[in-house]
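Notes for the one structure printed next.
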Amino acid sequence: MKIAVLVKQVPDTETKIKTKADGSGIEADGVKYIVGPYDENAIEEAIKTKEKNAGSEVTVISLGPVRSVEAIRTALAMGCDKAIHIDDENSNPDAYVTAKALAKVIADKGFEIVFTGKQAIDQDNSQVTQQVAEFLGWPQVMLVEKLEIAGGKATATRRVSGGKEVYEVPLPAIFGCEKGLNTPRYASLPGIMKAKTKPVETLKLSAEKGDAQPKVVLSNFRLPPEKAPGRMIAGDAAAQVKELVRALREEAKVI
Amino acid sequence: MGNVLIFAEHQDGKLKKTSLELASKASELAGKIGGIAEAVLIGNNIDALANELAPYGIKKVTVVHSPKLEKYNTLGYVNALAGIVKELNPDIFLATASPAGKDFFPRLAARLDTGLASDAVDLKIDGDGKLLATRPIYSGKALVDLKIPNSKPQMALIRPNSFGVGAAQAGATAEVVKKDVDVGDMKAEMKEFVKGASDKVDLTEAEIIVSGGRAMKEAANFKILQDLADVIGATVGASRAAVDSGYAPHEMQVGQTGKVVNPKLYMAFGISGAIQHLAGMRTSKVIVAVNKDPEAPIFQKADYGIVGDLFEIVPLLTAEFKKVLGE
Ligand SMILES: Cc1cc2nc3c(=O)[nH]c(=O)nc-3n(C[C@H](O)[C@H](O)[C@H](O)COP(=O)(O)OP(=O)(O)OC[C@H]3O[C@@H](n4cnc5c(N)ncnc54)[C@H](O)[C@@H]3O)c2cc1C
Ligand SMILES: Nc1ncnc2c1ncn2[C@@H]1O[C@H](COP(=O)(O)O)[C@@H](O)[C@H]1O
């Protein structure tokens, strides 16, 4: 089976985000980058699928600036076989353009199953998976918590409000992975060594996106307004509780 | 001059409250661009719900009907709605950032070759008459404004509880148009819906949440939070430490790798306030923290803080609320 996993390099969850003074974006200085946490689940599921289907191969694909190759190496060290880096030529494309280019590369290379994270934790868009599916004309399942593949079909479970939905989809298909799906493996030392020699093909976004134009314009990047300092409620437990209940009802009026 | 369309969601034969919230906002926005607020409802035999939107400012409801849409289906919704939306030709199209909305709206935006703002928490009409959506990014560590300048409709998914439901106008009516649609090739088939154990409002839509952290010590202790939740109509959440320790299931996790919630009241019991937990609940209108440690970082985000032992405070709170709410 020809398997692809889509990975985006994103700021570490611990990173302090600073916005540029003119509101045009995020300060890149001091940002540490990682593979998105949900993308790690996607990588794990791709490798597991390969292990269960003899003769399969996993290609990791990342679209982004040159630094994205670090994320690619991590995925290769975990066990992906080869990689494609689509250089965004520092154009920082929106979801629509990203999905157009990824879909073209997936179609050109003839992948049969694609794994993604449910969401990239930079802009928290959660759009690329669904839009890649649309441009390919494939079925999608988002928020996948459980997956079984057999006989050219997949059975995927996703969590929604009030319960779980179980889908049966024919392949090719794309799966947006949720945290509970699996436990991502760590890259082993031999894995890290091997990753250095695995092939990485480089493509250019300008060549892969066709005539796609961005659909959204972002402006006024800013930090959220500081919350006014809260109030510590003193006294013994009984007095604290009484005052809290009063404050929630009379001041905050939320109960 | 253009209209604002909303996707009105329903569950178990009832309109979701978030749909009324959308209706109220849509009617305000429509006023500003000189159009009307209208809605699409999609499903099988759901005509009866159409009239419930009128009191919140919806003037026209298109009921998209197909026996094949008894259950949710991504491509079924996208195939059915793409044609209807082109026909209605709204300026703005809004849906709730629910699991269904987040699933099909991005795909529909791609089908319509237009842009989408995910998880918007504020919507305005800018000076040029275009929608300006404000959305949290980097798990709420920053905000950005988003516009869709050159394509139509301008689409946005709204985080529940961002605006609240406006006042209802009794006696208001809406024009109702029923359309039978062809759902086309749906490709995926929902084999089964497994109903969750709890019939509580989902965390992502809850107006009040009480959450427990590692300090809960064991799964059985979540009972005291459940008792409190029952008294004040809340949904129970948990930190990742509580989930990883096996005290609560992953579906209860709030945070970066759990659910993003937006209640009017969030109460954190024995949760330290790690950045990844804040990522899931920082937009809560009012935050209460109860923690033994006066230095716990959660107190910096709290509107009201109590330094104390949760095992002492929670039962007292339950009793006190019972008393005052019973009066
Ligand atoms: C990539 C990544 C993703 C993550 N995603 C999430 C996420 O989605 N959600 C999440 O919550 N975390 C997440 N985390 C974990 C996060 O960093 C913290 O480890 C976690 O939130 C800590 O949970 P806690 O506050 O319950 O536990 P602790 O940090 O151990 O805090 C327990 C608190 O309880 C207090 N306490 C102890 N006993 C009592 C008592 N009897 N009464 C009152 N207070 C008491 C203590 O003073 C302490 O402040 C993530 C981490 C990473 C690296
Ligand atoms: N630039 C990119 N390169 C590769 N994969 C991406 C890229 N952007 C998004 N993805 C994939 O799509 C998922 C959802 O991303 P998003 O829609 O941006 O939240 C991510 O978890 C990745 O798996």
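The values are calculated or read from the model by the stated rules, or taken from the named source; none is laboratory data. Every value quoted in this text rests on a predicted model; they were computed, and no experiment measured them. No Cβ is skipped: glycine too gets one built from the backbone with ideal geometry, and neighbour counts run over all protein chains shown. Accessible surface areas use protein heavy atoms only, side chains included; no ligands, DNA or RNA. Shrake-Rupley method; radii C 1.70, N 1.55, O 1.52, S 1.80 Å.
Answer yes or no as to whether A:Gln127 is assigned by TED's automatic domain parsing to the domain that holds A:Val60, surrounded by 24 or more Cβ atoms within 10 Å (Cβ to Cβ), away from ligand 1 (no atom under 16 Å from the Cβ) and more than 18 Å from A:Val58 (Cα to Cα).
Numbers: assigned by TED's automatic domain parsing to the domain that holds A:Val60: yes; surrounded by 24 or more Cβ atoms within 10 Å (Cβ to Cβ): yes; away from ligand 1 (no atom under 16 Å from the Cβ): yes; more than 18 Å from A:Val58 (Cα to Cα): yes.
In short, yes.
Within 15 Å of ligand 2 (Cβ to nearest atom), of a type in the set (Gly, Ala, Ser), touching a residue at least 12 places away in the same chain (Cβ under 8 Å) and not in a loop (DSSP other than H, G, I, E, B): does that describe A:Ala99?
Values: within 15 Å of ligand 2 (Cβ to nearest atom): yes; of a type in the set (Gly, Ala, Ser): yes; touching a residue at least 12 places away in the same chain (Cβ under 8 Å): yes; not in a loop (DSSP other than H, G, I, E, B): yes.
Yes; evaluated as a whole, the condition is true for this residue.
Quickly run through the stretch A:182-238 and pick out the residues that are over 30 Å from A:Ala95 (Cβ atoms) and among the polar types (S, T, N, Q).
A:Ser188, A:Thr197
For the subset of the stretch B:138-160 comprising residues that are open to solvent by less than 30 Å² (accessible area, probe 1.4 Å), more than 7 Å from every other protein chain (Cβ to nearest Cβ) and not charged (D, E, K, R), which member is farthest from B:Ala206 (Cα to Cα)?
B:Pro153
Which one of B:Ala156, B:Ala215, B:Ala220 is at pLDDT 95 or above, within 21 Å of B:Ala110 (Cα to Cα) and not charged (D, E, K, R)? Let's see the steps before the verdict.
Numbers: B:Ala215 fails: within 21 Å of B:Ala110 (Cα to Cα); B:Ala220 fails: within 21 Å of B:Ala110 (Cα to Cα).
The conditions single out B:Ala156.
Report yes if A:Thr49 is buried (at least 18 other Cβ atoms within 10 Å of the Cβ), at pLDDT below 95 and assigned by TED's automatic domain parsing to the domain that holds A:Phe175, otherwise no.
Numbers: buried (at least 18 other Cβ atoms within 10 Å of the Cβ): yes; at pLDDT below 95: no; assigned by TED's automatic domain parsing to the domain that holds A:Phe175: yes.
Considered against the rule, which asks whether it is buried (at least 18 other Cβ atoms within 10 Å of the Cβ), at pLDDT below 95 and assigned by TED's automatic domain parsing to the domain that holds A:Phe175, A:Thr49 comes out as no.
Counting residues that are in contact (Cβ under 8 Å) with a residue 12 or more places away in the chain and farther than 19 Å from B:Asn161 by Cβ, which strands (runs of 3 or more DSSP E) fully inside the stretch B:216-327 reach at least 3? Give the derivation first.
On the way: elements: B:235-238, B:265-269, B:286-291, B:304-307.
Correct list: B:286-291, B:304-307.
Please go through the stretch A:111-137 and give me each residue that is touching a helix residue (DSSP H, G or I) at 6+ places or on another chain (Cβ under 8 Å) and assigned to a loop (DSSP other than H, G, I, E, B), ordered by number.
Of everything in the stretch A:111-137, those that are touching a helix residue (DSSP H, G or I) at 6+ places or on another chain (Cβ under 8 Å) and assigned to a loop (DSSP other than H, G, I, E, B) turn out to be A:Lys118, A:Gln119, A:Ala120, A:Ile121, A:Asn125, A:Ser126, A:Gln127.
Restricting attention to the stretch A:153-178, report how many residues are assigned to a loop (DSSP other than H, G, I, E, B) and within 17 Å of A:Phe115 (Cβ to Cβ). So that I can check it myself, show each step before the final result.
We begin by selecting, within the stretch A:153-178, every residue assigned to a loop (DSSP other than H, G, I, E, B); these are A:161-162, A:171-172, A:178.
Filter once more, so that each one left must be within 17 Å of A:Phe115 (Cβ to Cβ): A:171-172, A:178.
Counting residues in the stretch A:153-178 that are assigned to a loop (DSSP other than H, G, I, E, B) and within 17 Å of A:Phe115 (Cβ to Cβ) gives 3.
Would it be correct to say that A:Lys194 is assigned to a helix (DSSP H, G or I) and in contact with a helix residue (DSSP H, G or I) (Cβ under 8 Å, 6 or more places away or on another chain)? Walk me through it before giving the result.
Working: assigned to a helix (DSSP H, G or I): yes; in contact with a helix residue (DSSP H, G or I) (Cβ under 8 Å, 6 or more places away or on another chain): yes.
Judged against the criteria, A:Lys194 is a match.
Run B:Gln276 past the list (1) more than 7 Å from chain A (Cβ to nearest Cβ); (2) open to solvent by 10 Å² or more (accessible area, probe 1.4 Å); (3) near ligand 1 (Cβ under 9 Å from one of its atoms) and report the number of the one that doesn't hold.
Unmet condition: (1).
Do you know which residues across the stretch B:286-298 are more than 7 Å from every other protein chain (Cβ to nearest Cβ) and farther than 15 Å from B:Ala238 by Cα?
Those that are more than 7 Å from every other protein chain (Cβ to nearest Cβ) and farther than 15 Å from B:Ala238 by Cα: B:Lys292, B:Asp293, B:Pro294, B:Glu295, B:Ala296, B:Pro297.
Any chance the stretch A:56-71 includes a residue that's assigned to a loop (DSSP other than H, G, I, E, B) and within 12 Å of chain B (Cβ to nearest Cβ)? Write out each step before concluding.
Here is the first cut: in the stretch A:56-71, the residues assigned to a loop (DSSP other than H, G, I, E, B) are A:56, A:65-67.
With within 12 Å of chain B (Cβ to nearest Cβ) added as a condition, the list becomes none.
No, there is no match, as no residue in the stretch A:56-71 is assigned to a loop (DSSP other than H, G, I, E, B) and within 12 Å of chain B (Cβ to nearest Cβ).
Mind checking whether some residue in the stretch B:98-110 is in contact with a Pro (Cβ under 7 Å, 6 or more places away or on another chain) and either β-branched (Val, Ile, Thr) or surrounded by fewer than 24 Cβ atoms within 10 Å (Cβ to Cβ) (or both)?
There is no residue in the stretch B:98-110 that is in contact with a Pro (Cβ under 7 Å, 6 or more places away or on another chain) and either β-branched (Val, Ile, Thr) or surrounded by fewer than 24 Cβ atoms within 10 Å (Cβ to Cβ) (or both).
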